[in-house]
Each structure stands twice: as C-alpha cells, then as structure tokens.
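Structure first, commentary second.
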Amino acid sequence: MGREREVFTQERAAGTYRPISYFIVKVLFDLFPLRILPTLILGSVVYVMAGLKYSWLNFGTYLGVLLLFSCTTTLLCIAIATLARNISLANLVSIITLLFCMLFQGAMINIREFFFLPFLFFLLLWQWLIHFLFSLSSKLPGLVDLHVSLPLCPELAAGQRNGWPGHLV
C-alpha cells in the first residue's frame, strides 16, 4: 500500500478518477481473485478431506464462515496498511495483531485464568472485539462428525466415551 498510496494521491489530485472507482476496481481485482476464489477452492478440498458432515447446508455454512473470516482478516490488514506510513511497519503491525488475535481468542489461552491480573483486564474486552472468536464459536463445531473424521480411533468407533466431554462425542 505504500507506493500505491502515493500513486493514488497523485492521480486523485490530478483528477484522473474518483475514489469510488478506485475502490470498486480494488475490490473486484483484489478481493475476488485473491481472497474469495482461493478460499472457496481450499475450503472445498479441506471440507471433503476433513470428513465433515455431508450436506449442502453444512457445506454452505462452512464456506460462508470461511469467506467472512478471510474477508474480515483482509480488511483488517488493509486498514492497518492505510494507517502505516511504511510497508514494512504495516506488515509487522499486521502480523503482530493477527498473532495476538489468535493467541487471545479464548481457545489457546483461557483468559479467565488471568482475570486476577488488573492490567490484563483488557483481554476480556479484546476477546469480544476480534473476529477470531466469532468464527470459532459459529456453527463450525456442529459440522464435525467424530465417527467420520476420526476413523483411526477404535474407542470412538466403538462408542466408548472414556473421559471425553459430552459435547465432543
């Protein structure tokens, strides 16, 4: 976005085109072929290979959540890139932000264990501001069929629930 911002500013000042036309072209030729199409292809392959429940409704839900997550992550990185002056700084801040989002979404670290620390109170707020938690807690866990996705586990195939939580089996 660094060099592109300079070119856009110069062309906008010269009256070459309006900002809305730049935005439409950016969405059409960046978002669709680079974000949506690869997500659809990879999501379709992973859905079949992971052995998730076979139905069109579940498949559509899976791809819908994947597309929303991909587009939201892209827009977050674009917003960071527009605020940064340098492309290397934008990359660094984007990577740190996404790693921070993945770490404190609630699946890797239980934030409630750190609640006694007063300076970490913002993590509870952060958890509800990021999109990682919403995509994780969507209908995706309902798509997993353990008997299909874990065929090598004889205890689950036989129906034994040795120590497994009830919502997983």
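Bear in mind these aren't lab numbers, they're just calculated from the coordinates by the rules spelled out. Predicted, not measured: the structure shown is a model, and the values here were computed from it. All Cβ positions, glycine included, derive from the backbone under ideal geometry; neighbour counts span all protein chains shown.
Observations
- Cα-projected label distance for THR16 with THR61, points at 7 Å along beta-carbon direction, nm: 4.7
- Taken about its Cα centre, segment 1-93 carries a charge dipole of roughly 80 debye when the Cβ of each Lys and Arg holds +1 and the Cβ of each Asp and Glu holds -1.
- Local charge for LEU75 was computed over the other residues whose Cβ lies under 15 Å away, with Lys and Arg +1 and Asp and Glu -1, and equals +1.
- Between PHE100 and ARG5, the modelled labels are 1.8 nm apart [label points 7 Å from Cα along Cα→Cβ].
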